[in-house]
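**Q** Structure incoming, see below.
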Amino acid sequence: MIDETVVTLSRLQFALTALYHFLFVPLTLGLSWMLAIMEAVYVMTGREVWKRMTQFWGVLFGINFAMGVATGVTMEFQFGTNWAYYSHYVGDIFGTPLAIEGLMAFFLEATFIGLFFFGWDRLSRVKHLVVTFLLALGTNLSALWILIANAWMQNPVGSRFNLDTMRMEVTDFGAVVFNPVAQSKFVHTVSAGYVLGAMFVLSISAWYLLKGRNIDFAKRSMTVAASFGLASALSVVVLGDESGYTVTEHQKMKLAAIEAMWETEPAPAAFTAFGLPDVAERTTHYAIHIPWLMGIIGTRSLDRVLPGIGELVGDAEQRIAGGMKAYAAMQRLRVDRNDAAARAEFEAHERDLGYALLLKRSLADPATASPDDIRAAAASTIPNVPVLFWAFRIMVGCGLWFIALFAYSFWLSARRELDRRRWYLKAALWSLPLPWLAIELGWIVAEYGRQPWAIEGVLPTALGVSSVSVAQVATSLAGFVLFYSALAVVDAVLMLKYARKGPDGLGMWPPATPEPVPDHSVVAARP
Amino acid sequence: MAESHRPAEASWFRSRGGRRFGVEFGAIIVFKLVALALIWFFCIRPLPHADTRPAAVADHLLAPAHEAPDDR
């Protein structure tokens, strides 16, 4: 039997390390492109202030990079320690993008970050700009391969279960790479990182303006942040819609849980803007509906029906029954691998095998399952509805706030009034944690919403756990918590120290010799 | 165009503050590598290795079969 405490602790450990790791990643994604934009302006105009901006924000980028790098390594530790059966079952597929990420993207990123910091005096301006672009490219490619691996867990395409090796194996690597879930997830995730990068620059610059320090430096930084942030915030919403559409196609239960859609509604379904989901009663109290919206977002049509939780649980019961046939055929094949009838029976019901494995959570032998056991296993396919419902809505609310804030910042920037409204500067400053909150909630929706599956429809999470004891998982969990807490303290101290010092405190700005004013008369005199 | 091929001007990273930043940057990474190695050595290395031979995985995923050839 499966030890539920080990499963829970292993999940908690992975969730904590993943959420912690993803505090750093999106800032690296966003800031790297902002550095490239600032340096490109420096190369085009020759204005010293843009170089100093690149270097100052580059220092904060460097601290974030140094603190974040290798925090993901502990997740790879866990694939071996806590998730050995998961690693065996799907490692043939899941491991490939992870290896490509390490070999291709991470080496690119790690090489060019050194050149970025220490190449200013050794490289020409253009060469250094190329280095900065390659640094940003490497960072983003890194995210691409990780998200391809993650998307395969949400939509396991291009693979098949091998009866002889007892694991999933790749049948079409192209399908894994061009998985539609991976494409939409990648652009949505990196756009969210760009929003965070822009908010980081906007908020710290707003603080300088509130303090009356580094005025010119901060206003230019805010101008870049406002335009980059507005484009990114709009992209997050548009690409998030695409990501949501892929959920409709491939993870209907997750979508129904996000919407607390307990029963199937006539098309087009309404969107529940607010409500209090009640799991016991399977209803949503005080619900405020927006007619048609969910049907249009989820199906991009007015006549396609979105199934509710009740209907999907009924589908799961049927798939469990089909999976039990595949499971029984596997048992017969284990005794006689040449049993052609058993092999045919297995192939007929192979796609439902994972559903039979849901029964293993409560039964040693799923073949002995009663109708009540099947009903209970089908009900276990419902994720935590209230958590998903609220996590999604807070995330979306943050996204709408980002659009409003960056649009207003852009407008103020165009009117050269960025430093005129203290309430705006305070709003920009206090919005700093919100992109992190939205991003972490996004991951909670994506991963918690996939439960009870490690691989959607293929491998229940509980079956991926290693045969380790509670004490062993608790020990490694304690080690990780101590390690990451120490890193968090060092990170916060260093970030605050350098941000407070600012370009003036660090001796970056203003320059010792005043910057010459560019002579535009030559350009103006041209016919 | 000739302007863009000139090396960039003296960098802040060559200044006293920049060198201090470089030392802190390197120290963080060295500290982390050491900490990760210690975690691996004390928390991860002692853990039992999971048996992931096909027969063992079959036992994990399936109910034990009575006449499995691999188990004999």
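**Q** Can you show me the helix-derived [θ] at 222 nm for chain A, built from DSSP H runs with n ≥ 4 at -39,500 (n - 2.57) apiece and divided by the number of residues, rounded to the nearest 500.
**A** About -23500 deg cm²/dmol.
**Q** For residue A:211 and residue A:368 in one chain, what is 0.36 nm times their gap in residues minus the Cα-Cα distance, to one decimal in nm?
**A** The span from residue A:211 to residue A:368 would gain 49.4 nm if fully extended.
**Q** Using Cα pairs under 8 angstrom and six or more residues apart, how large is the relative contact order of chain A, in percent?
**A** 20
**Q** Rounded to whole Å and ordered largest first, report the semi-axes of the equivalent ellipsoid of the stretch A:339-421 derived from its Cα gyration tensor (root of 5λ).
**A** Sorted largest first and rounded, they come to 56, 17, 7 Å.
**Q** Each residue of the stretch A:122-138 in order: what ³J(HN,Hα) in whole Hz does its phi give by Karplus 6.51 cos²θ - 1.76 cosθ + 1.60, θ = phi - 60°, with x for Gly and Pro?
**A** 10, 10, 5, 4, 5, 5, 5, 5, 4, 4, 5, 5, 5, 4, 5, 5, x
**Q** How far is the Cα center of the stretch A:393-454 from the Cα center of the stretch A:130-172, in Å?
**A** 29
**Q** Something else: If exposed chymotrypsin sites (Phe, Trp or Tyr not before Pro) are those in a DSSP loop with at most 15 other Cβ within 10 Å, what is the longest stretch of chain A that has none?
**A** With chymotrypsin sites (Phe, Trp or Tyr not before Pro) excluded where exposed in loops, chain A gives A:293-527 as its longest stretch.
**Q** On full extension of the chain, what length is gained from residue A:416 through residue A:351, given 0.36 nm per residue of separation minus the C-alpha to C-alpha distance?
**A** Here the answer is 17.4 nm.
**Q** Another question, then. Testing the spin-label approximation: label points 7 Å from Cα along Cα→Cβ at residue A:231 and residue A:493. State their distance in nm.
**A** Taking the two extended label points, one gets 3.9 nm.
**Q** Could you tell me the calculated FRET efficiency between residue A:16 and residue A:470, based on Cβ-Cβ distance and R0 = 25 angstrom, to the nearest 0.05?
**A** Efficiency at R0 = 25 Å is approximately 0.90.
**Q** Net charge near residue A:266: determine it from the other residues with C-beta under 14 Å of the C-beta of residue A:266, scoring Lys and Arg +1 and Asp and Glu -1.
**A** With Lys, Arg at +1 and Asp, Glu at -1, the neighbours total -3.
**Q** If you don't mind, there's one more thing I want to ask. If I model a spin label at residue A:70 and residue A:504 as a point 7 Å from the Cα along the Cα→Cβ vector, what separation in nanometres do I get?
**A** Placing both labels 7 Å beyond Cα along the Cβ direction yields 3.8 nm.
**Q** Further question: Given the stretch A:257-373, what whole percent of its Cα pairs are spread farther than 23 Å?
**A** For the stretch A:257-373, the fraction of Cα-Cα distances above 23 Å is 49 percent.
**Q** Does anyone have the angle between helix A:4-45 and the longest principal axis of chain A? Alpha-carbon axes, 0 to 90°, nearest 10?
**A** Helix A:4-45 sits at roughly 30 degrees to that axis.
**Q** Here is a further query. Could you pull out every one of the lysines with an alpha carbon less than 22 Å from that of residue A:51, ignoring same-chain neighbours closer than 8 positions?
**A** A:127, A:219, A:497, A:501
**Q** If I take R0 = 22 Å and measure r between the Cβ atoms of residue A:302 and residue A:242 in this structure, what FRET efficiency does the formula 1/(1 + (r/R0)^6) give, to the nearest 0.05?
**A** About 0.70, to the nearest 0.05.
**Q** If I take R0 = 41 Å and measure r between the Cβ atoms of residue B:53 and residue A:318 in this structure, what FRET efficiency does the formula 1/(1 + (r/R0)^6) give, to the nearest 0.05?
**A** 0.75
**Q** OK, next. With labels modelled as points extended 7 Å from the Cα through the Cβ direction, what inter-label distance (nm, one decimal) is found for residue A:175 paired with residue B:19?
**A** Taking the simple label geometry, residue A:175 and residue B:19 are separated by 6.0 nm.
**Q** Still on this structure, please answer the following. Please list, in order along the stretch A:387-399, the HN-Hα scalar couplings obtained from phi with the Karplus expression 6.51 cos²θ - 1.76 cosθ + 1.60 (θ = phi - 60°), rounded to whole Hz, x for Gly and Pro.
**A** Those phi angles translate into 4, 5, 4, 7, 4, 5, 5, 5, 4, 5, x, 4, x Hz.
**Q** Related question: Residue by residue, what Karplus-based ³J(HN,Hα) values in Hz, rounded to whole numbers, does the stretch A:269-274 have, using 6.51, -1.76 and 1.60 with θ = phi - 60° and x for Gly and Pro?
**A** Per-residue couplings from phi come out as 5, 7, 9, 8, 6, 8 Hz.
**Q** Taking 0.36 nm per residue of sequence separation and subtracting the Cα-Cα distance, how much length would be gained by fully extending the chain between residue A:282 and residue A:104, in nm to one decimal?
**A** Gain in length upon complete extension: 59.3 nm.
**Q** Continuing with the same structure: For the A and B pair, go ahead and give the buried accessible area with a 1.4 Å probe, both sides summed, in Å² to 100.
**A** Counting protein atoms only, the buried area is about 5000 Å².
**Q** Then there's this: Can you give the convex hull volume of the alpha carbon atoms of the protein assembly as shown per residue, in Å³?
**A** That works out to 181 Å³ per residue.
**Q** Considering only protein heavy atoms and a 1.4 Å probe, what is the carbon-and-sulfur percentage of the accessible area of the protein assembly as shown?
**A** 65
**Q** Kindly report the accessible area of the protein assembly as shown per residue (heavy atoms of protein chains, probe 1.4 Å, no ligands, DNA or RNA), in Å².
**A** 43
The values are calculated or read from the model by the stated rules, or taken from the named source; none is laboratory data. As the structure is a computational prediction, the values presented were derived from the model and not from experiment. Every residue, glycine as well, gets a Cβ built from its backbone with ideal geometry; the counts of neighbours run over all protein chains shown. We work out accessible area using only protein heavy atoms, side chains counted, and drop any ligands, DNA or RNA first. Shrake-Rupley method; radii C 1.70, N 1.55, O 1.52, S 1.80 Å.
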